[in-house]
Every structure is written in C-alpha cells, then in structure tokens.
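Right, one structure below, let's go through it.
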Amino acid sequence: DSSDIVEVKNYTQANHKEPNPDLFGVAEGKNVFMISLESLQSFVIDNDVYGQEITPFLNQLKEESYYFENFYHQTEQGKTSDSEFIVANSLFGRSSGAVFFTHAQNDYNALPEILGENGYYSSVMHANNRTFWNRDVVYNTLGYDRFFDVDSYEVTEENSVGWGLKDKEFFEQSIDLLKEQPQPFYTKFITLTNHFPFELGEEDKMIEEYDSNSGTLNRYFPTVRYMDYAVEQFFEDIKEAGLYEDSIFILYGDHYGISDNHNRAMAMYLDKEEITPFDSVQLQRVPLIIHIPGHEGETFDTVGGQIDIKPTLMHLLGLSTKEDIQFGSDLFSPEHESYAVLRNGNFITDDLVYASNTCYDKHTGEEMEDPSSCEEFIPRAQSDLEYSDKIIYGDLLRFFEPDNDMFDRSEE
Ligand code: GP9
Ligand code: MN
C-alpha cells in the first residue's frame with residue numbers, strides 16, 4: 001500500500017548523492033543524444049584483432065569525453081528493453097522475463113516525462129517494429145512524445161542486413177527526422193547492426209574476422225567496427241546539420257554481445273587460460289561515454305552501472321534528483337561510491353568482485369582469503385534489488401507525487 005512507498009523512499013534517499021558543483025547544470029537546455037550501442041562490451045575498446053583497431057572512433061571520442069571504464073550493464077532477459085528501462089527510471093529490471101512486458105502500464109517517473117515537464121521534446125529513433133519489446137505501450141508510459149519506428153525509415157533489401165536497416169543508413173535518415181524536432185530535444189537512438197548473430201555484408205567489413213571455434217565471437221569484431229564507423233559518420237552529419245555545439249551526447253553499451261557459451265574462444269582472444277566467474281563479471285562492463293562539446297576528456301575508474309545514468313544526466317541538465325526515487329547515483333558526485341549491483345546479485349566495488357557466491361580480489365582476480373570482505377555488501381545488494389522489485393510489483397510509484405517543476409535549481 002501507500003506506506004510502502006515511504007519505506008522505499010527512505011531507503012533510496014539515504015543513498016542520495018549531492019551533485020558535483022562544477023558540473024551541475026553545465027548542459028542545461030542542451031539537446032540530449034542518447035545513443036544505445038547494441039551489444040557493445042568494453043573489452044573491444046582500445047583493443048585490436050590481428051593489429052586492426054576495433055573501435056577507432058570511440059577510442060578517440062572517449063579521449064575527448066568523460067569516459068567510465070568500470071561501468072556495468074545491469075540487464076537480464078529483457079536485453080535492450082531492460083537497459084532502456086534502467087536508464088529511464090534508475091530502477092532495476094526483473095530477474096527474469098522483461099518488465100517491458102509485465103509492467104508496461106505502471107506509474108513511473110521516467111526521464112522523458114521529467115524532461116518533458118522541463119521543456120524538452122522527447123523521442124526514440126529505432127528502425128524496428130513499434131511493438132517489438134512492447135515498446136509502443138511502454139514508451140507512452142515513460143512519457144516519450146514520439147517513437148520513430150521502422151515506418152519512419154526507408155528500408156530496402158540493399159540497405160539492410162541481419163535484423164534490419166544498417167546502422168549507417170539508420171543514422172543518415174535519422175538526421176532528417178531530427179531536424180524536424182522542436183529543440184531542446186531528448187532523443188534516444190537504438191542501433192541494430194551489431195546484434196547477434198552479427199551478420200555483415202562483405203562490402204561493410206572494415207576489419208577481418210577473428211579466427212576461433214566461435215563463429216559468433218569471430219563475426220562480432222567486424223560488426224562492432226562497422227557500428228563504430230556508423231557512429232563516426234553520425235557525428236560528422238550532426239556537425240554538418242549544426243546540431244553539435246548545443247548538444248550533449250551519452251553513448252553506452254546496452255548489454256553483452258558474447259555470452260558465456262563462447263568462453264573458450266574468449267579466453268583465447270583475451271590470452272587467458274580460462275574465463276573464471278570473476279572474468280565473466282568483468283566482461284559485463286560496457287562503455288559509457290559522456291561527450292560535452294567544449295569539455296576536456298577525463299577517464300574515470302569509479303564503478304557504476306546503467307542505473308546511474310538518470311541521476312548523472314539530470315544533474316548535468318541542472319535538475320535536482322533529491323526528491324526522486326532512484327537506485328543509482330550521480331557518477332560525477334564527489335560522494336559517488338564505487339559500487340554496482342548486477343541483476344543476479346553479483347556486485348562490484350573498487351576492490352571486490354562478488355560472483356557465483358565467491359568473493360574475489362578485484363586487483364588479482366583471485367579468491368579472497370578472507371571472504372568476509374564481501375559480507376557487508378551482500379545484504380545491501382539484495383535490498384537494492386528487492387526494494388526496486390517492490391516498486392515494480394506493487395506499482396508503488398502511483399502513490400508518489402513528484403513535483404518535477406521544483407526540479408529546477410534547488411541544488412545549484
Ligand atoms: C530490437 C533491438 C534488439 O529492436 O533492440 O533487441 P535485443 O535482442 O538486443 O534486446
Ligand atoms: Mn540489444
């Protein structure tokens with residue numbers, strides 16, 4: 001009932017982190033490009049296959065951006081849709097199934113809605129059918145003004161591969177749609193080409209495949225390279241359209257692309273004897289790049305997860321998060337704690353990785369001799385997940401009346 005929401009609010013607010021005064025509001029009123037990079041994992045960043053760079057553009061972009069190298073996806077079976085849910089709400093998805101299907105019509109206090117109340121036009125661009133992942137229903141719930149789905153794009157056999165429209169064409173056509181939008185806008189772009197089973201035409205292969213017993217891992221590298229190229233072209237086009245200077249760009253990997261089924265090939269690629277549960281958790285890192293034109297690059301080693309994107313972005317836009325119910329916190333906050341919980345209860349701190357009920361020393365990858373180091377975090381990780389579940393299963397945010405107009409300058 002409604003008393004539960006008070007309990008959850010007390011729980012999350014005890015964890016509220018004050019914004020970084022140097023960055024609070026720096027992107028106020030700017031357009032927001034939220035770019036969801038399909039299946040992009042961090043292990044390809046600054047890495048190569050037989051001497052061929054896999055993500056040359058992202059490698060360079062991150063040098064001119066705030067880059068988080070210990071950032072984890074927190075998705076489960078809901079894959080892309082889970083990442084969308086987590087980013088929009090700073091709530092966890094479900095431990096199984098997809099919250100986009102099971103709780104599509106709950107009350108939420110999602111980013112698109114909050115930004116809408118603060119003068120933004122919000123949209124999603126994604127060249128797939130609007131009903132996929134129940135997006136048409138959920139986007140409405142989350143407060144998006146518009147969903148440019150496959151019907152907004154010209155899709156032919158020539159410009160498609162695998163799941164549909166190729167990323168390069170997708171971004172090219174998105175520019176025209178973007179120009180029609182009122183500003184400031186908050187627009188999410190969901191790429192598609194780097195999706196399992198990682199199909200790509202010969203003409204789009206810019207680097208060679210890897211050679212291992214996993215065709216999946218082998219093909220992954222050229223499709224990642226292609227996606228990197230598509231994003232590079234997109235940045236060029238954004239500049240040409242005059243939309244670069246007054247915008248902020250958030251790019252993140254939505255979830256893993258290479259599952260544990262390919263551990264043997266992965267071990268070979270990473271030059272390891274085997275992939276341990278510790279390595280598996282570390283492989284759940286996905287890139288997070290926050291690019292603000294005019295800001296110098298800086299790499300952060302603080303541990304965080306997708307759940308932290310909402311508070312981080314809100315503070316950059318000058319919006320207070322004090323009154324919201326969020327399970328993440330601002331990654332730039334001087335008080336930010338290095339900590340990420342994965343949906344299965346595994347967690348990561350600066351020094352520890354908890355995986356398969358085992359406490360690992362993060363610096364060596366070895367089991368801790370004294371496993372009690374993990375003990376203080378185990379119940380906390382569980383509570384984070386349980387309180388978030390409580391909100392979703394009980395639709396508790398219907399009892400929550402945030403005044404998003406007050407979100408303005410209270411923390412400046
Ligand atoms: C489909 C795309 C991929 O629209 O978002 O979905 P995924 O399988 O990665 O969840
Ligand atoms: Mn995906």
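Between segment 16-78 and segment 242-309, what is the separation of their alpha carbon centroids in Å?
7 Å
With all distinct Cα pairs included, what does the Kirkwood hydrodynamic radius of segment 202-290 come out to in Å, to one decimal, could you say? Show your work: numbers first, answer last.
Numbers: mean 1/r = 0.0656 Å⁻¹.
Mean inverse Cα-Cα distance, inverted, gives 15.2 Å.
Compute the whole-percent fraction of alpha carbon pairs in segment 143-193 spaced more than 17 Å apart. Can you show the working numbers first?
Numbers: 437 of 1275 pairs.
Of all Cα-Cα distances in segment 143-193, 34 percent exceed 17 Å.
Starting from a Cα-only point model with no solvent, please compute log10 I(q)/I(0) by Debye for the chain at q = 0.07, 0.13 1/Å.
For the chain at q = 0.07, 0.13 Å⁻¹, log10 I(q)/I(0) is -0.31, -1.15.
Once amide H atoms are placed 1.01 Å from N in the peptide plane, what residues at a sequence separation of 5 or more from residue 69, or on another chain, have their amide H within under 5 Å of its amide H?
300
Only loop residues by DSSP count here, and only those with at most 15 other Cβ atoms within 10 Å; note down the trypsin sites (Lys or Arg not before Pro) in segment 3-112 that meet that.
On the way: sites: 9, 17, 30, 62, 79, 94; in loops: 17, 30, 94.
Counting only loop positions with at most 15 other Cβ atoms within 10 Å, none of the trypsin sites (Lys or Arg not before Pro) in segment 3-112 qualifies.
Please work out the FRET efficiency for the pair residue 64 and residue 246, using the Cβ-Cβ distance as r and a Förster radius of 22 Å; give the result to the nearest 0.05.
On the way: r = 17 Å, r/R0 = 0.77.
The formula returns an efficiency of 0.85 here.
What does the charge count near residue 71 come to, summing +1 for each Lys or Arg and -1 for each Asp or Glu among other residues with Cβ under 13 Å from its Cβ?
On the way: positive: 62, 285; negative: 69, 254, 301, 308.
Charge balance in the 13 Å sphere: -2.
Treat every Asp and Glu Cβ in the chain as -1 and every Lys and Arg Cβ as +1, leave all other atoms uncharged, and give the resulting dipole magnitude about the Cα centre to the nearest 20 debye.
For the chain, the charge dipole is close to 840 debye.
Project the alpha carbons of segment 42-118 onto their principal axes and report the range along each, largest first, in whole Å.
Rounded to whole Å, the extents work out to 49, 34, 17 Å.
Can you divide the C-alpha Rg of segment 323-410 by 2.2 N^0.38 Å and report the result to two decimal places? Provide the component values of the computation, followed by the final result.
Values: Rg = 16.5 Å, N = 88, 2.2 N^0.38 = 12.1 Å.
Relative to the 2.2 N^0.38 Å estimate, segment 323-410 comes out at 1.37.
Tabulate in residue order the Karplus-calculated ³J(HN,Hα) for segment 18-32, using 6.51 cos²θ - 1.76 cosθ + 1.60 with θ = phi - 60°, rounded to whole Hz; enter x for Gly and Pro.
5, x, 7, x, 6, 10, 4, x, 5, 10, 3, x, 7, 5, 10
Counting only C-alpha contacts under 8 Å and six or more residues apart, can you give the relative contact order of segment 105-159 as a whole percent? Can you show the working numbers first?
Working: 62 pairs, mean separation 23.2, N = 55.
The normalised contact order for segment 105-159 reaches 42 percent.
For a quick check of your reading of the filter: which GluC sites (Glu not before Pro) in segment 247-348 sit in a DSSP loop and have no more than 12 other Cβ atoms within 10 Å? Please list the in-between numbers first.
Numbers: sites: 273, 274, 296, 298, 323, 335, 337; in loops: 273, 274, 296, 323, 335, 337.
Filter output for segment 247-348: 273, 274, 296, 335.
Relative contact order for segment 253-412: what is it in percent, counting Cα pairs under 8 Å that are at least 6 residues apart? Intermediate results must be reported in sequence, preceding the final value.
On the way: 156 pairs, mean separation 29.8, N = 160.
With pairs under 8 Å counted, the relative contact order is 19 percent.
Rounded to the nearest 5, what % of DSSP beta bridges with both residues in the chain are antiparallel? Working shown, then result.
Values: 22 of 48 bridges.
The answer is about 45 percent antiparallel.
Over the alpha carbons of segment 253-398, what is the largest minus smallest coordinate on each principal axis, giving the biggest first in Å?
Here the spans come out as 47, 41, 28 Å, largest first.
Bear in mind that the values in this text are calculations on the coordinates, not laboratory data. As the structure is a computational prediction, the values presented were derived from the model and not from experiment. Reconstructed Cβ throughout: ideal geometry from the backbone, glycine too, with neighbour counts over all protein chains shown.
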